[in-house]
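For reference, the structure discussed in these notes is given below.
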Number of protein chains: 2
Amino acid sequence: MALIVQKYGGTSVGTPERIEAVADQVCARRRAGDDVVVVVSAMSGETNRLVELAGRVDPEANGRELDVLLATGEQVTIALLAMALERRECEARSYTGSQVRILTDSAYNKARILDIDGEHVRSDLGHGRVVVVAGFQGIDEAGSITTLGRGGSDTTAVALAAALKADECQIFTDVDGVYTTDPRVVPGARRLERITFEEMLEMASLGSKVLQIRAVEFAGKYSVPLRVLSSFQEGPGTLITVDEGDNDMEQPVISGIAFNRDEAKVTIRGVPDTPGIASRILGPIGDANIEVDMIIQNVGADGGTTDFTFTVHRNDYQRVVEILQALAEEFGAREVAGDDRIVKVSLVGVGMRSHAGIAGTMFRALADEGINIQMIATSEIKISVVIDEKYLELGVRALHQAFNLEEAATAAG
Amino acid sequence: MALIVQKYGGTSVGTPERIEAVADQVCARRRAGDDVVVVVSAMSGETNRLVELAGRVDPEANGRELDVLLATGEQVTIALLAMALERRECEARSYTGSQVRILTDSAYNKARILDIDGEHVRSDLGHGRVVVVAGFQGIDEAGSITTLGRGGSDTTAVALAAALKADECQIFTDVDGVYTTDPRVVPGARRLERITFEEMLEMASLGSKVLQIRAVEFAGKYSVPLRVLSSFQEGPGTLITVDEGDNDMEQPVISGIAFNRDEAKVTIRGVPDTPGIASRILGPIGDANIEVDMIIQNVGADGGTTDFTFTVHRNDYQRVVEILQALAEEFGAREVAGDDRIVKVSLVGVGMRSHAGIAGTMFRALADEGINIQMIATSEIKISVVIDEKYLELGVRALHQAFNLEEAATAAG
């Protein structure tokens, strides 16, 4: 008998019929003897409807009252799911974030969980009930309703699993697991049986948006085994677990290939190579609330000056160019250049820590296809390159093949 | 500076635009220096939408989870109204029933308020904030969400006014007050400046459905001055207050004329005139969950038997006739007769306690129009007659004129 926390997102509970399908699945699990806690999101479309309502009363709605409004979305779902379970004679009880007592800070619209009092939930489980919890919401010290920001239901599920010391936290989504890369780009992309938290973080932030980064971090921090599964078809999904160092040799070297289409790069050439120049360039970018991803600084062709290149989201490209042009004048820089038709492709795998030559294989595979690499960045478990966007599919397919990702991993799972 | 509790129903907050109009009105009151607590219902149509959703998951939805679902309706409104107030720089804070801590029993779907902890609300008022409270809902001892049943928002407002010792509880509706009778029947019907709780109860239960009976009872019990006003037009409305005995002489004799179209009467003739016969007849009616209104028992034409007549809601007429026919056989009664084309018309007024001859004036006015009275029932502050439904309008108009109700009351208000 295990204690399982299951989380169903908005699409999985998008209609009364889908809620009934979830109820069937939860009942089956309960009847198989497991204790089940279910975390649900608002029905798909509901949060947008509420935001639109708020906008009609206050176009800049935010803060405490927006959370009071948004929290109703999940409250509707917990009630409907608990009803559907009871109707199946599967005893159930619903809880809002405030009723569980999911204590958060008071940062409305993006609150962080501080503590979970699992007492009520544990007591209900002890009575054989399924417990249905509203995701995405909590309560602050003063008793005000808070929300965790979009996608916060994943975080609720993981935090509850940690607080209850659950055996597994299962995130049901519209995909059946984490893949070696996007199957729309590489039809032979393979579902991974397991992946480490660190790899998952790199995959997620790089565009494989299966899970909220925050939830993965949380799960990693509290070592909650996390599984991504499909709401719509049966299967084992992908298990996300801690990297048990001694298993390294059994891990496939590369877990997957992530990519991000929405990148742009900008370069400011011939700025004085003096201490603090990086912060003088990036300071105004940060002040404009623009996030910078890869950063590369090269010594310029002449002595005494340097070239500075970084990537940003494509939406921010024009603003960044304008900021840099103003700075270039100030610094007497030579020129500002940019390209908003680039993409980033990354190899991710904890195995690469103990394997030499990965970068070489990667660069050769791209060169063999005639793909020019414009920027390179590396970390412990990731190598990223920036290439022309027209080579994205070709590059990802070449890498997928070069690292034999279509074959089942030898010792994984 | 007064403390005012205002309640706005579903129609008054039915759209974002109407919520803005309410916000304007509340702000104006606050800026005039009063402390304001606002109780709101779900936006019109919302509760039905939620009930329909529940029905798709469980056609017999009831109990705890239905209340979790329904309570979201008012929660949406409090958030939107608080936002609209804040946008007008009128500081505001919303509270669900659970956040105020409106403690109820655990009778889901029709809970009764046990206690209100006004501490948070008082503290916010002390800080100059408008407090916006979700009507219709509370929380039980175990922390589960409860609802008070349809129309319960009026009760929330009155109970809050009692707990906070408010100077007045104002119920905003789609009518501008309580009238001497239905203006659709008597175009000259006059708005009453004031009416006593007892009169209001008689008027309400007899068909002038402006306020929930429960709310009026509650207000009477705790002596909360209650005012009915229009959300859509300015005006003083009608004040509902305690009957201050010494004022009797200043009261108009009759406050109003109520009527009820949905009545039916049944008679069982020639039942043995023995002790307990009434309960042997009415017992099975009550067991069938049918409410009986007027009851009259006459000695029959022959000695030793009696005739027994009562009125019920027209919807129950057929079932009552069937029950009586079975009983008639058992008792050896002579016959069961009935009429489902009757109405009840009632004069209501605390003044009639100290005025003789009211009944005489009433009966003469009806006789002058050739209207036959089929049944009569009297109480301290009410005289009701049953007449043929075709005489309803004629009878009400005749009485309205006979008691000079179109003229402004001499000393009221």
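The values are calculated or read from the model by the stated rules, or taken from the named source; none is laboratory data. Just so you know, these numbers come straight off a predicted model, no measurement behind them. Please note: Cβ atoms are built from the backbone with ideal geometry, for glycine as well, and neighbour counts cover all protein chains shown.
Return the total of residues in the stretch A:77-90 being in a helix (DSSP H, G or I) and surrounded by fewer than 24 Cβ atoms within 10 Å (Cβ to Cβ).
From the stretch A:77-90, those in a helix (DSSP H, G or I) are A:77-87; that's our starting set.
Pick out the ones that are also surrounded by fewer than 24 Cβ atoms within 10 Å (Cβ to Cβ) and you get A:86-87.
So the answer is 2.
Where residues in the stretch B:270-318 are touching a Ser or Thr at 6+ places or on another chain (Cβ under 8 Å) and more than 20 Å from B:LYS344 (Cβ to Cβ), which of them is surrounded by the most Cβ atoms within 10 Å (Cβ to Cβ)? Result: B:VAL271.
When the test is whether a residue is within 14 Å of chain B (Cβ to nearest Cβ) and closer than 27 Å to B:GLN75 by Cβ, A:ARG129 passes it.
Considering (1) under 19 Å from A:LYS265 (Cβ atoms); (2) surrounded by 16 or more Cβ atoms within 10 Å (Cβ to Cβ), the lone condition that A:GLY351 does not fulfil carries the number (1). Can you confirm whether the stretch A:25-43 contains a residue that is surrounded by fewer than 19 Cβ atoms within 10 Å (Cβ to Cβ), facing chain B (nearest Cβ under 8 Å) and assigned to a helix (DSSP H, G or I)? Within the stretch A:25-43 (the criterion being surrounded by fewer than 19 Cβ atoms within 10 Å (Cβ to Cβ), facing chain B (nearest Cβ under 8 Å) and assigned to a helix (DSSP H, G or I)), the answer is no, since none of the residues qualifies. Among strands (runs of 3 or more DSSP E) entirely within the stretch B:284-379, having at least 1 residues that are closer than 20 Å to B:ILE254 by Cα, assigned by TED's automatic domain parsing to the domain that holds B:TYR391 and touching a Phe, Trp or Tyr at 6+ places or on another chain (Cβ under 6 Å) singles out B:335-348.
When the stretch A:44-76 is filtered for residues that are buried (at least 19 other Cβ atoms within 10 Å of the Cβ), in contact with a Phe, Trp or Tyr (Cβ under 6 Å, 6 or more places away or on another chain) and under 15 Å from B:ILE78 (Cα atoms), the ones remaining, listed by number, are A:ARG64, A:ASP67.
Being within 12 Å of chain B (Cβ to nearest Cβ), in contact (Cβ under 8 Å) with a residue 24 or more places away in the chain and more than 25 Å from A:ARG227 (Cβ to Cβ) is a description that applies to A:ILE145.
Restricting the search to the stretch B:55-76, which residues are of a type in the set (D, E, K, R), outside any helix (DSSP H, G or I) and at the interface with chain A (Cβ under 7 Å from one of its Cβ atoms)? Matches in the stretch B:55-76: B:ASP58 only.
One residue stands out in the stretch B:380-404 among those that are part of a loop (DSSP other than H, G, I, E, B) and in contact (Cβ under 8 Å) with a residue 24 or more places away in the chain: the one that is farthest from B:ALA204 (Cα to Cα), namely B:PHE403.
Just the residues that are more than 8 Å from chain B (Cβ to nearest Cβ) and touching a residue at least 12 places away in the same chain (Cβ under 8 Å), please, taken from the stretch A:82-91.
A:LEU85, A:ARG88, A:CYS90, A:GLU91
Within the stretch B:1-24, the residues that satisfy the criterion of being small (Gly, Ala, Ser) and either under 21 Å from the mean Cα position of the chain (by Cα) or more than 14 Å from chain A (Cβ to nearest Cβ) (or both) are B:ALA2, B:GLY9, B:GLY10, B:SER12. Within the set B:THR104, B:THR96, the sole residue that is under 26 Å from the mean Cα position of the chain (by Cα), within 19 Å of A:TYR108 (Cβ to Cβ) and either more than 8 Å from chain A (Cβ to nearest Cβ) or crowded, with 24+ Cβ neighbours inside 10 Å (or both) turns out to be B:THR96.
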